[in-house]
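The values are calculated or read from the model by the stated rules, or taken from the named source; none is laboratory data. Every value quoted in this text rests on a predicted model; they were computed, and no experiment measured them. Every residue, glycine as well, gets a Cβ built from its backbone with ideal geometry; the counts of neighbours run over all protein chains shown. Each accessible area value is taken on the protein alone, full model and side chains, heavy atoms only, with ligands, DNA and RNA left out. Shrake-Rupley method; radii C 1.70, N 1.55, O 1.52, S 1.80 Å.
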Amino acid sequence: MTTPNTHYADLKESYLFRRIAQKVTAYEEGDPDTHLYRMGIGDVSLPLCDAVIRALHDAVDDQADARRFHGYMPECGAPFLREAIAAYYGARGVSLDADEVFVSSGASDELGDILDLFDAHSSAMVIEPAYPAYVDANVMAGRAVVHVPAYEEEGFLPCPSDDLQADVIYLCSPNNPTGAVFGRHQLQEWVDFANRHESVILFDAAYEAFIEDDELPHSIFELEGARTCAIEICSLSKTAGFTGTRLGYTVIPAELKRCGMSLHDMWVRNRTTKTNGVSYIIQRGGAAVFTSEGQRQIHESIAVYKHNAHVLMDALDEVGVWYCGGRNAPYLWLKCPEGTSSWALFDRLLNEIQVVGTPGEGFGSCGEGYFRLSTFGDPQDTIEAARRLAQGDVFR
Ligand code: MLT
(Lines give C-alpha, C1' and ligand atoms only; values in the text may rest on other atoms or scores of the structure.)
Protein backbone atom coordinates (compact mmCIF):
# COMPACT_ATOMS: atom_id res chain seq x y z
CA MET A 1 0.00 0.00 0.00
CA THR A 2 1.26 3.50 -0.82
CA THR A 3 2.19 5.49 2.26
CA PRO A 4 1.24 9.16 1.90
CA ASN A 5 3.30 11.96 3.38
CA THR A 6 2.02 11.60 6.92
CA HIS A 7 3.43 15.01 7.88
CA TYR A 8 0.28 16.48 6.33
CA ALA A 9 -1.54 15.21 9.40
CA ASP A 10 0.50 17.71 11.44
CA LEU A 11 -0.89 20.70 9.53
CA LYS A 12 -3.77 22.86 10.71
CA GLU A 13 -6.99 21.59 9.16
CA SER A 14 -7.10 24.32 6.54
CA TYR A 15 -4.75 27.00 5.21
CA LEU A 16 -5.53 30.45 6.65
CA PHE A 17 -6.69 32.16 3.46
CA ARG A 18 -8.71 29.14 2.40
CA ARG A 19 -10.50 29.12 5.73
CA ILE A 20 -11.32 32.80 5.32
CA ALA A 21 -12.49 32.24 1.73
CA GLN A 22 -14.76 29.45 2.93
CA LYS A 23 -16.30 31.66 5.62
CA VAL A 24 -16.80 34.46 3.10
CA THR A 25 -18.41 32.08 0.59
CA ALA A 26 -20.76 30.76 3.27
CA TYR A 27 -21.74 34.35 4.15
CA GLU A 28 -22.33 35.23 0.48
CA GLU A 29 -24.46 32.13 -0.06
CA GLY A 30 -26.64 33.17 2.88
CA ASP A 31 -26.84 36.79 1.73
CA PRO A 32 -26.09 36.95 -2.01
CA ASP A 33 -27.09 40.61 -2.49
CA THR A 34 -24.79 42.10 0.11
CA HIS A 35 -21.55 43.74 -1.01
CA LEU A 36 -18.47 42.77 0.99
CA TYR A 37 -15.55 45.11 1.72
CA ARG A 38 -12.50 42.92 1.15
CA MET A 39 -9.53 43.85 3.30
CA GLY A 40 -8.51 40.24 3.94
CA ILE A 41 -5.98 38.52 1.69
CA GLY A 42 -3.44 40.93 0.25
CA ASP A 43 -4.79 40.75 -3.26
CA VAL A 44 -4.44 43.84 -5.43
CA SER A 45 -7.48 45.68 -6.78
CA LEU A 46 -5.84 47.87 -9.45
CA PRO A 47 -5.09 46.54 -12.94
CA LEU A 48 -1.63 46.04 -14.39
CA CYS A 49 -0.04 49.32 -15.49
CA ASP A 50 -0.01 50.42 -19.15
CA ALA A 51 3.69 49.70 -19.69
CA VAL A 52 3.16 46.08 -18.62
CA ILE A 53 -0.03 45.65 -20.64
CA ARG A 54 1.69 46.93 -23.77
CA ALA A 55 4.65 44.60 -23.24
CA LEU A 56 2.29 41.65 -22.73
CA HIS A 57 0.42 42.45 -25.96
CA ASP A 58 3.67 42.80 -27.90
CA ALA A 59 4.88 39.48 -26.52
CA VAL A 60 1.65 37.77 -27.61
CA ASP A 61 2.28 39.16 -31.11
CA ASP A 62 5.83 37.76 -30.99
CA GLN A 63 4.39 34.34 -30.31
CA ALA A 64 2.26 34.67 -33.47
CA ASP A 65 5.26 35.32 -35.69
CA ALA A 66 7.60 32.45 -36.63
CA ARG A 67 10.63 34.78 -36.63
CA ARG A 68 9.97 36.13 -33.13
CA PHE A 69 8.34 33.07 -31.59
CA HIS A 70 9.75 31.62 -28.34
CA GLY A 71 9.48 28.00 -27.27
CA TYR A 72 11.01 26.78 -24.02
CA MET A 73 12.54 29.60 -22.03
CA PRO A 74 15.82 29.28 -20.09
CA GLU A 75 14.81 27.52 -16.85
CA CYS A 76 16.41 30.13 -14.56
CA GLY A 77 14.91 33.06 -16.41
CA ALA A 78 15.24 35.03 -19.63
CA PRO A 79 18.51 37.01 -19.76
CA PHE A 80 16.57 40.22 -20.57
CA LEU A 81 14.63 39.96 -17.30
CA ARG A 82 17.55 38.75 -15.14
CA GLU A 83 19.58 41.71 -16.41
CA ALA A 84 16.74 44.18 -15.78
CA ILE A 85 16.37 42.95 -12.18
CA ALA A 86 20.14 43.05 -11.58
CA ALA A 87 20.15 46.65 -12.87
CA TYR A 88 17.26 47.49 -10.47
CA TYR A 89 19.43 46.30 -7.56
CA GLY A 90 22.43 48.10 -9.04
CA ALA A 91 20.57 51.40 -8.96
CA ARG A 92 20.28 50.96 -5.18
CA GLY A 93 23.97 50.19 -4.83
CA VAL A 94 23.66 46.38 -4.69
CA SER A 95 25.88 44.79 -7.27
CA LEU A 96 24.58 41.46 -8.62
CA ASP A 97 25.50 39.31 -11.58
CA ALA A 98 22.44 38.69 -13.73
CA ASP A 99 22.91 34.95 -13.26
CA GLU A 100 22.50 35.37 -9.48
CA VAL A 101 18.87 36.34 -10.22
CA PHE A 102 16.45 33.45 -10.78
CA VAL A 103 13.07 34.22 -12.30
CA SER A 104 10.20 32.43 -10.56
CA SER A 105 6.46 32.15 -10.86
CA GLY A 106 5.98 33.99 -7.57
CA ALA A 107 7.30 34.23 -4.03
CA SER A 108 4.84 31.83 -2.41
CA ASP A 109 5.76 29.02 -4.84
CA GLU A 110 9.44 29.76 -4.36
CA LEU A 111 9.30 29.89 -0.54
CA GLY A 112 8.19 26.26 -0.56
CA ASP A 113 10.34 25.05 -3.47
CA ILE A 114 13.57 26.55 -2.12
CA LEU A 115 13.47 24.11 0.80
CA ASP A 116 14.79 21.49 -1.66
CA LEU A 117 18.21 23.06 -1.05
CA PHE A 118 18.29 21.96 2.58
CA ASP A 119 18.68 18.59 4.23
CA ALA A 120 15.44 16.84 5.17
CA HIS A 121 16.42 17.07 8.84
CA SER A 122 17.23 20.75 8.86
CA SER A 123 15.24 23.09 11.06
CA ALA A 124 13.55 26.39 10.24
CA MET A 125 13.21 29.46 12.46
CA VAL A 126 10.05 31.47 11.97
CA ILE A 127 9.52 34.80 13.72
CA GLU A 128 5.82 35.00 14.46
CA PRO A 129 3.33 36.45 13.68
CA ALA A 130 4.35 35.29 10.18
CA TYR A 131 3.04 34.51 6.73
CA PRO A 132 1.61 31.05 7.43
CA ALA A 133 3.15 29.33 4.40
CA TYR A 134 6.62 29.49 6.06
CA VAL A 135 5.50 27.11 8.78
CA ASP A 136 3.22 24.97 6.62
CA ALA A 137 5.86 24.34 3.93
CA ASN A 138 8.25 23.07 6.62
CA VAL A 139 5.61 21.01 8.40
CA MET A 140 4.71 19.32 5.09
CA ALA A 141 8.35 18.35 4.68
CA GLY A 142 8.53 17.06 8.26
CA ARG A 143 11.08 19.67 9.31
CA ALA A 144 11.38 21.03 12.84
CA VAL A 145 10.09 24.58 13.20
CA VAL A 146 11.54 26.89 15.84
CA HIS A 147 8.79 29.42 16.58
CA VAL A 148 10.18 32.74 17.79
CA PRO A 149 7.51 35.07 19.14
CA ALA A 150 7.75 38.76 18.29
CA TYR A 151 6.12 41.22 20.66
CA GLU A 152 4.54 44.63 20.38
CA GLU A 153 7.01 46.01 22.99
CA GLU A 154 9.95 45.31 20.63
CA GLY A 155 8.09 46.64 17.59
CA PHE A 156 7.61 43.03 16.39
CA LEU A 157 11.31 42.99 15.43
CA PRO A 158 13.17 40.60 17.73
CA CYS A 159 16.96 40.47 17.89
CA PRO A 160 18.74 37.17 17.33
CA SER A 161 19.64 35.20 20.42
CA ASP A 162 22.36 32.57 20.62
CA ASP A 163 20.09 30.18 22.51
CA LEU A 164 17.78 29.97 19.49
CA GLN A 165 19.27 28.41 16.42
CA ALA A 166 18.07 26.87 13.19
CA ASP A 167 19.50 25.95 9.81
CA VAL A 168 17.14 28.21 7.91
CA ILE A 169 15.88 31.56 9.24
CA TYR A 170 12.87 33.31 7.70
CA LEU A 171 12.91 37.09 7.83
CA CYS A 172 10.19 39.17 6.20
CA SER A 173 10.75 42.92 5.96
CA PRO A 174 8.58 44.93 5.47
CA ASN A 175 6.74 42.39 7.50
CA ASN A 176 3.57 40.57 6.67
CA PRO A 177 1.44 40.88 8.80
CA THR A 178 2.76 43.51 11.24
CA GLY A 179 4.18 46.04 8.77
CA ALA A 180 7.38 46.28 10.86
CA VAL A 181 10.60 46.95 8.93
CA PHE A 182 14.11 46.05 10.06
CA GLY A 183 16.49 48.98 10.31
CA ARG A 184 20.03 48.52 9.03
CA HIS A 185 21.52 47.90 12.44
CA GLN A 186 18.91 45.31 13.41
CA LEU A 187 19.17 43.47 10.10
CA GLN A 188 22.96 43.51 10.36
CA GLU A 189 22.62 41.65 13.68
CA TRP A 190 20.69 38.88 11.92
CA VAL A 191 23.24 38.72 9.09
CA ASP A 192 26.11 38.45 11.59
CA PHE A 193 24.19 35.83 13.56
CA ALA A 194 23.54 33.74 10.44
CA ASN A 195 27.19 33.92 9.37
CA ARG A 196 28.34 33.01 12.89
CA HIS A 197 26.06 29.97 13.04
CA GLU A 198 26.31 29.08 9.35
CA SER A 199 22.55 29.35 9.00
CA VAL A 200 20.89 30.58 5.84
CA ILE A 201 18.44 33.50 5.93
CA LEU A 202 15.48 33.31 3.57
CA PHE A 203 14.70 37.00 3.21
CA ASP A 204 11.18 37.66 1.98
CA ALA A 205 11.28 41.08 0.33
CA ALA A 206 7.85 40.92 -1.30
CA TYR A 207 6.86 44.32 0.12
CA GLU A 208 10.10 46.26 -0.42
CA ALA A 209 8.50 48.68 -2.90
CA PHE A 210 6.27 50.03 -0.10
CA ILE A 211 9.18 51.38 1.96
CA GLU A 212 8.94 55.15 2.35
CA ASP A 213 11.75 55.85 4.80
CA ASP A 214 15.01 56.33 2.90
CA GLU A 215 17.23 54.87 5.58
CA LEU A 216 15.47 51.48 5.67
CA PRO A 217 17.02 48.61 3.68
CA HIS A 218 15.01 47.26 0.73
CA SER A 219 17.28 44.26 0.25
CA ILE A 220 19.28 42.16 2.68
CA PHE A 221 22.16 42.47 0.22
CA GLU A 222 22.55 46.10 1.27
CA LEU A 223 24.11 44.66 4.45
CA GLU A 224 27.74 43.66 4.92
CA GLY A 225 28.22 39.89 4.86
CA ALA A 226 24.78 38.99 3.46
CA ARG A 227 26.23 37.40 0.34
CA THR A 228 27.57 34.51 2.42
CA CYS A 229 24.37 33.81 4.37
CA ALA A 230 21.23 34.95 2.55
CA ILE A 231 18.78 34.16 -0.21
CA GLU A 232 16.31 36.91 -1.14
CA ILE A 233 12.86 36.04 -2.44
CA CYS A 234 10.82 38.71 -4.10
CA SER A 235 7.67 39.03 -6.12
CA LEU A 236 5.93 41.37 -8.52
CA SER A 237 2.55 40.48 -6.98
CA LYS A 238 2.26 43.43 -4.66
CA THR A 239 4.87 45.65 -6.31
CA ALA A 240 3.25 45.61 -9.73
CA GLY A 241 -0.13 43.88 -9.40
CA PHE A 242 0.99 40.43 -10.61
CA THR A 243 -1.04 38.37 -8.09
CA GLY A 244 -3.02 36.81 -10.94
CA THR A 245 -0.28 37.06 -13.56
CA ARG A 246 2.42 35.35 -11.44
CA LEU A 247 6.03 36.43 -11.53
CA GLY A 248 8.77 36.71 -8.94
CA TYR A 249 12.51 36.41 -8.55
CA THR A 250 15.04 34.95 -6.18
CA VAL A 251 18.59 36.12 -5.60
CA ILE A 252 21.21 33.55 -4.63
CA PRO A 253 24.75 34.94 -4.49
CA ALA A 254 27.64 32.95 -5.93
CA GLU A 255 29.44 33.06 -2.54
CA LEU A 256 26.64 31.28 -0.64
CA LYS A 257 28.04 27.86 0.26
CA ARG A 258 27.35 25.33 2.97
CA CYS A 259 29.43 22.16 3.54
CA GLY A 260 31.43 23.13 0.47
CA MET A 261 28.36 23.09 -1.77
CA SER A 262 27.25 26.17 -3.73
CA LEU A 263 23.56 26.86 -3.10
CA HIS A 264 23.54 28.92 -6.28
CA ASP A 265 24.76 25.99 -8.38
CA MET A 266 22.38 23.63 -6.59
CA TRP A 267 19.47 25.92 -7.46
CA VAL A 268 20.53 25.98 -11.12
CA ARG A 269 20.52 22.17 -10.97
CA ASN A 270 17.12 22.19 -9.28
CA ARG A 271 15.46 24.63 -11.67
CA THR A 272 16.87 23.00 -14.80
CA THR A 273 15.40 19.71 -13.57
CA LYS A 274 12.10 20.79 -12.07
CA THR A 275 10.89 23.63 -14.27
CA ASN A 276 10.77 24.72 -17.87
CA GLY A 277 10.92 28.34 -16.86
CA VAL A 278 8.30 31.06 -16.72
CA SER A 279 6.41 31.90 -19.90
CA TYR A 280 8.04 34.29 -22.36
CA ILE A 281 4.94 36.51 -22.41
CA ILE A 282 4.87 36.98 -18.64
CA GLN A 283 8.61 37.65 -18.45
CA ARG A 284 8.25 40.36 -21.10
CA GLY A 285 5.49 41.93 -19.00
CA GLY A 286 7.76 41.68 -15.95
CA ALA A 287 10.67 43.35 -17.72
CA ALA A 288 8.42 46.36 -18.41
CA VAL A 289 8.09 46.88 -14.64
CA PHE A 290 11.79 47.73 -14.48
CA THR A 291 11.71 50.39 -17.20
CA SER A 292 11.51 54.00 -16.04
CA GLU A 293 7.95 54.24 -17.36
CA GLY A 294 6.99 51.01 -15.58
CA GLN A 295 8.55 52.20 -12.32
CA ARG A 296 6.68 55.49 -12.49
CA GLN A 297 3.38 53.74 -13.19
CA ILE A 298 3.70 51.05 -10.50
CA HIS A 299 4.48 53.77 -7.96
CA GLU A 300 1.28 55.54 -8.95
CA SER A 301 -0.64 52.38 -7.99
CA ILE A 302 1.35 52.00 -4.78
CA ALA A 303 0.40 55.60 -3.94
CA VAL A 304 -3.28 54.62 -4.24
CA TYR A 305 -2.76 51.76 -1.76
CA LYS A 306 -0.91 54.12 0.56
CA HIS A 307 -3.85 56.48 0.41
CA ASN A 308 -6.10 53.53 1.36
CA ALA A 309 -3.82 52.96 4.34
CA HIS A 310 -4.33 56.56 5.48
CA VAL A 311 -8.10 56.29 5.08
CA LEU A 312 -8.12 53.20 7.31
CA MET A 313 -5.66 54.70 9.80
CA ASP A 314 -7.87 57.79 10.20
CA ALA A 315 -10.85 55.54 10.98
CA LEU A 316 -8.89 53.56 13.57
CA ASP A 317 -7.61 56.79 15.13
CA GLU A 318 -11.18 58.04 15.33
CA VAL A 319 -12.30 55.03 17.34
CA GLY A 320 -9.09 54.89 19.37
CA VAL A 321 -7.91 51.47 18.20
CA TRP A 322 -4.18 50.71 18.55
CA TYR A 323 -2.46 49.71 15.31
CA CYS A 324 0.92 49.64 13.61
CA GLY A 325 2.06 49.22 9.99
CA GLY A 326 0.54 51.00 7.02
CA ARG A 327 3.46 53.34 6.45
CA ASN A 328 6.22 51.20 4.94
CA ALA A 329 3.99 48.20 4.31
CA PRO A 330 0.52 47.57 2.87
CA TYR A 331 -0.97 46.08 6.04
CA LEU A 332 -2.42 47.51 9.24
CA TRP A 333 -2.00 45.37 12.32
CA LEU A 334 -4.51 46.36 14.95
CA LYS A 335 -5.42 45.26 18.42
CA CYS A 336 -8.64 43.38 19.05
CA PRO A 337 -10.86 44.72 21.83
CA GLU A 338 -10.00 43.30 25.25
CA GLY A 339 -11.47 39.80 25.61
CA THR A 340 -12.34 39.41 21.90
CA SER A 341 -10.42 36.75 20.00
CA SER A 342 -9.20 37.54 16.51
CA TRP A 343 -11.59 35.01 14.91
CA ALA A 344 -14.47 36.49 16.95
CA LEU A 345 -13.54 39.94 15.61
CA PHE A 346 -13.41 38.47 12.11
CA ASP A 347 -16.97 37.14 12.48
CA ARG A 348 -18.18 40.40 14.00
CA LEU A 349 -16.75 42.56 11.20
CA LEU A 350 -18.10 40.22 8.54
CA ASN A 351 -21.57 39.85 10.01
CA GLU A 352 -22.13 43.37 11.32
CA ILE A 353 -20.36 45.68 8.85
CA GLN A 354 -19.49 43.31 5.98
CA VAL A 355 -15.76 44.02 6.24
CA VAL A 356 -13.43 41.08 5.64
CA GLY A 357 -10.08 41.12 7.43
CA THR A 358 -7.59 38.51 8.60
CA PRO A 359 -7.49 37.19 12.17
CA GLY A 360 -4.08 37.54 13.80
CA GLU A 361 -4.18 33.99 15.12
CA GLY A 362 -3.81 32.78 11.53
CA PHE A 363 -0.23 34.11 11.58
CA GLY A 364 0.74 32.04 14.62
CA SER A 365 -0.46 31.79 18.18
CA CYS A 366 1.25 35.03 19.24
CA GLY A 367 -0.86 36.82 16.63
CA GLU A 368 -3.92 36.14 18.79
CA GLY A 369 -5.44 39.39 20.03
CA TYR A 370 -4.51 41.20 16.80
CA PHE A 371 -6.17 41.60 13.43
CA ARG A 372 -4.86 42.51 9.96
CA LEU A 373 -6.42 44.83 7.41
CA SER A 374 -5.03 44.88 3.89
CA THR A 375 -4.72 48.22 2.13
CA PHE A 376 -4.90 46.66 -1.36
CA GLY A 377 -8.69 46.98 -1.55
CA ASP A 378 -10.67 48.97 -4.04
CA PRO A 379 -10.34 52.65 -3.01
CA GLN A 380 -14.12 53.29 -2.88
CA ASP A 381 -14.61 50.10 -0.86
CA THR A 382 -11.84 51.18 1.47
CA ILE A 383 -13.56 54.52 2.13
CA GLU A 384 -16.81 52.74 2.92
CA ALA A 385 -15.08 50.10 5.05
CA ALA A 386 -13.35 52.89 6.99
CA ARG A 387 -16.68 54.66 7.52
CA ARG A 388 -18.20 51.46 8.85
CA LEU A 389 -15.21 50.75 11.10
CA ALA A 390 -15.42 54.26 12.55
CA GLN A 391 -19.20 54.42 12.94
CA GLY A 392 -20.19 51.07 14.29
CA ASP A 393 -19.39 49.86 17.75
CA VAL A 394 -17.54 46.83 16.38
CA PHE A 395 -14.57 47.60 18.61
CA ARG A 396 -16.75 47.53 21.71
C1 MLT B 1 -1.36 37.79 2.34
O2 MLT B 1 -2.49 38.26 2.33
O3 MLT B 1 -0.75 37.54 3.39
C4 MLT B 1 -0.72 37.47 1.03
O5 MLT B 1 -1.35 38.17 0.02
C6 MLT B 1 -0.85 36.06 0.73
C7 MLT B 1 0.07 35.65 -0.36
O8 MLT B 1 0.91 36.42 -0.81
O9 MLT B 1 -0.02 34.48 -0.76
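Summary table below
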| quantity | calculated |
| --- | --- |
| Relative contact order (%) - criterion: Cα under 8 Å, at least six apart; region: the chain | 23 percent |
| Coil-residue GluC sites (Glu not before Pro) of segment 1-63, DSSP, other Cβ within 10 Å capped at 14 | GLU13 |
| In segment 31-117, chymotrypsin sites (Phe, Trp or Tyr not before Pro) in a DSSP loop with at most 10 other beta-carbon atoms within 10 Å | PHE69, TYR72 |
| Within the chain, helix-based [θ] at 222 nm, where runs of 4 or more DSSP H residues each add -39,500 (n - 2.57), nearest 500 | -11500 deg cm²/dmol |
| Between segment 250-272 and segment 351-385, the Cα center-to-center distance that results, in Å | 38 Å |
| Under 18 Å from LYS12, Cα to Cα: aspartates and glutamates that are on another chain or at least 8 residues apart | GLU128, ASP136, GLU361, GLU368 |
| Positive-end extreme of charge dipole, the chain - chosen from ALA288, ALA87, TYR134 (charges on Cβ) | ALA288 |
| Computed accessible area, GLU255, all protein chains, 1.4 angstrom probe, square angstrom | 80 Å² |
| Where ASP317, ASP192 fall by accessible area, highest first, once all protein chains stay in place (1.4 Å) | ASP317, ASP192 |
| Inter-centroid distance (Cα atoms) of segment 122-178 relative to segment 291-318, Å | 28 Å |
| Calculated FRET efficiency for the pair ASP109/ASP192, C-beta based, R₀ 30 Å, to 0.05 | 0.50 |
| Segment 295-396: GluC sites (Glu not before Pro) falling in loop per DSSP and having at most 15 other Cβ within 10 Å | GLU338 |
| Gyration tensor (alpha-carbon) shape descriptor, segment 233-276, a/c threshold 1.5 | oblate |
| Most to least accessible of THR243, THR25 (protein chains only, probe 1.4 Å) | THR25, THR243 |
| For the chain: accessible area per residue (Å², 1.4 Å) | 43 Å² |
| Per-residue SASA entry for SER292, accessible area with 1.4 Å probe, Å² rounded to 10 | 100 Å² |
| TYR8 accessible area, assembled protein chains, probe 1.4 Å, Å² | 120 Å² |
| List ASP62, ASP113, ordered by accessible area with a 1.4 Å probe, largest first | ASP113, ASP62 |
| Apportionment of accessible area to carbon and sulfur, the chain, percent (1.4 Å) | 51 percent |
